[in-house]
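To keep things clear, I will list the structure first and then write my remarks on it.
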Amino acid sequence: MFKGISFQKHKKDFITLFVLVSLSIGMLVYTAFSDISFRPKQAGLDFFSLFQRGIVGTGKFFSQTLNSISELRNLKKEYDSLLEDYAEYQQMKQDYDHLAQENSLLKDQLGYMKEEGIAKIPAKVIGGNTGNFFRSMVINQGSNKGIKKDMPVIAYVDGYQSLVGKVMEVSAYSAVVKPITDSSLYVPAVLQKYRYRGLVNGLVMDFVSREASSRIGYGDLVVTSGFNGSYPENIYIGKVKSISSKEYETSLRLEIEPFVDFFRLEYVFVLDQGRSE
Amino acid sequence: MKTKEAFFISLLVVFVLVILQSTLFYYVFPVKVIPDFALIVVAFCGARRGMQDGQLLGFFNGLAEDFITASFPGFNALVKTLIGFLAGTIKNKMLFDPVIFPSLFIFFVTFIKGILAAVIAYLFFPEGYYPAVFSGSFFLEMVLNALIAPIVYLILKKTHLIPGDIWGGK
């Protein structure tokens with residue numbers, strides 16, 4: 001391919017290549033091996049997320065306009081059904097308040113420490129992967145709302161808190177989230193029913209004791225263990241899809257099906273573990 | 001179209017494609033793998049307009065991706081710069097038919113992207129941060145890119161962003 005390309009004839013091209021490659025390597029080395037935030041990336045993220053917001057907003061406007069007629073038809077039905085649900089929930093709330101009060105009293109009697117609250121910062125997903133090497137998504141809230149690097153991100157799936165991932169980069173008005181599907185993210189996890197611990201990485205749970213093989217089965221739920229404090233405990237990750245192990249290995253390898261459908265995710269919550277709501 | 005004019009329009013097209021790839025295409029594409037439209041534009045512009053345009057477009061394409069993804073800044077910029085440059089080396093050396101060659105060329109370019117990404121990640125990433133480059137989705141991306149390539153090539157030719165004659169750049 002390079003045959004016939006003389007350096008003299010293409011001197012300018014090679015000089016540009018040298019400059020661009022040096023710039024890229026400089027950025028790469030600086031960011032890969034230091035914890036310091038790279039300001040141009042934050043500025044660039046803010047700039048591009050402006051357009052992402054615009055496109056997502058416009059898309060939503062058109063889809064909502066198109067769907068509005070059929071939505072009106074359904075609204076009446078939903079309204080009636082919601083009234084019934086509301087009455088039911090009123091009763092449930094009374095029961096809940098009663099139970100919460102009872103629980104608090106019992107905790108006081110048992111001398112439990114009060115759990116520190118976790119604030120949830122709501123955000124909208126405004127962008128997804130641009131390529132297939134790195135899994136990531138862009139959300140429309142940033143440091144202006146108190147979001148910081150490494151904060152866990154969750155979503156509600158069928159009413160359950162499910163783990164989405166972790167904040168990787170924060171700019172003033174947006175942030176990049178790395179989802180649990182990315183193989184460079186490690187989440188301490190536990191099997192909800194039998195309490196066997198492991199480490200979830202790229203939707204595979206490793207380091208699960210072999211003893212678990214006789215007890216666990218397909219569909220068993222995997223939740224965060226809260227170990228090392230990076231993620232709060234008992235957040236749903238997914239369910240066991242397959243179990244495998246090699247004879248010489250001392251642990252099991254579980255493939256996990258996530259609860260979150262990352263391609264349909266619209267709203268997420270960033271967890272601020274040091275702040276109460 | 002003048003060279004500078006074509007370059008700046010191509011740059012704008014690449015930026016728009018990067019944003020669309022992360023928003024609209026991400027949600028509407030039927031399969032969970034998104035073709036790299038911006039890469040296709042960079043590769044064709046490089047191959048038909050030369051190394052200078054190819055590498056500059058590649059650099060800015062990669063940089064834009066670095067800003068909005070969880071990758072380390074510089075990673076995509078380096079991969080795409082090298083692709084733009086390498087594509088530029090075939091200017092005036094290859095015969096571009098409307099369908100077969102653009103497809104094969106982009107298939108090969110996507111494969112090179114994978115190799116470059118793997119090597120660069122291995123050289124510069126801290127341990128534990130290596131992206132899964134040669135996964136099923138990457139091979140699907142190679143196929144999708146190849147299928148889309150002739151359409152993108154035709155659009156670039158019709159809009160005069162690349163020379164319209166058969167022999168590249170002559």
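The values are calculated or read from the model by the stated rules, or taken from the named source; none is laboratory data. Note that the coordinates shown come from a computational prediction; the quantities given were computed from them, not determined experimentally. Every residue, glycine among them, receives a Cβ derived from its backbone with ideal geometry; neighbour counts consider all protein chains shown.
A few comments on the model shown:
- Residues that are crowded, with 21+ Cβ neighbours inside 10 Å and over 27 Å from A:ASN144 (Cα atoms) within the stretch A:14-49 comprise A:LEU17, A:LEU20, A:SER24, listed in sequence order.
- Qualifying positions in the stretch B:118-149 - crowded, with 18+ Cβ neighbours inside 10 Å, in a helix (DSSP H, G or I) and in contact with a helix residue (DSSP H, G or I) (Cβ under 8 Å, 6 or more places away or on another chain): B:ILE120, B:ALA121, B:PHE124, B:PHE138, B:GLU141, B:MET142, B:ASN145, B:ALA146, B:ALA149
- Just one of the listed residues (A:GLN90, A:GLN101, A:GLN52) is touching a helix residue (DSSP H, G or I) at 6+ places or on another chain (Cβ under 7 Å), modelled with pLDDT of 80 or more and in a helix (DSSP H, G or I), namely A:GLN52.
- Boolean, B:LEU104 is in a helix (DSSP H, G or I), facing chain A (nearest Cβ under 10 Å) and more than 27 Å from A:THR16 (Cβ to Cβ): no
- Residues of the stretch B:30-77 that turn out to be assigned to a loop (DSSP other than H, G, I, E, B), in contact (Cβ under 8 Å) with a residue 60 or more places away in the chain and under 22 Å from A:PHE134 (Cβ atoms), as a count: 7
- Residue within the stretch A:160-182 that is free of Cβ contacts under 8 Å to residues at least 24 places away in the same chain, part of a loop (DSSP other than H, G, I, E, B) and either farther than 30 Å from B:ALA117 by Cα or not hydrophobic (A, V, I, L, M, F, W, C) (or both) present: no
- In summary, B:PHE108 fulfils each of the numbered conditions (1) farther than 29 Å from A:MET168 by Cα; (2) touching a residue at least 40 places away in the same chain (Cβ under 8 Å) with the single exception of condition (2).
- Those strands (runs of 3 or more DSSP E) lying entirely in the stretch A:221-277 with at least 2 residues surrounded by 13 or more Cβ atoms within 10 Å (Cβ to Cβ), modelled with pLDDT under 90 and in contact with a Lys or Arg (Cβ under 7 Å, 6 or more places away or on another chain): A:251-258
- Test: A:THR130 is at pLDDT below 80 and of a type in the set (Ser, Thr, Tyr): yes
- Qualifying residue in the stretch B:13-32 (condition: within 11 Å of chain A (Cβ to nearest Cβ), within 11 Å of the chain's Cα centre (by Cα) and charged (D, E, K, R)): no
- When B:LYS91, B:LYS80, B:LYS113 are checked against the criterion of being more than 8 Å from every other protein chain (Cβ to nearest Cβ), outside any helix (DSSP H, G or I) and buried (at least 19 other Cβ atoms within 10 Å of the Cβ), B:LYS91 stands alone in meeting it.
- Only residues that are hydrophobic (A, V, I, L, M, F, W, C) and at pLDDT below 90 were counted across the stretch B:64-89, and they come to 4.
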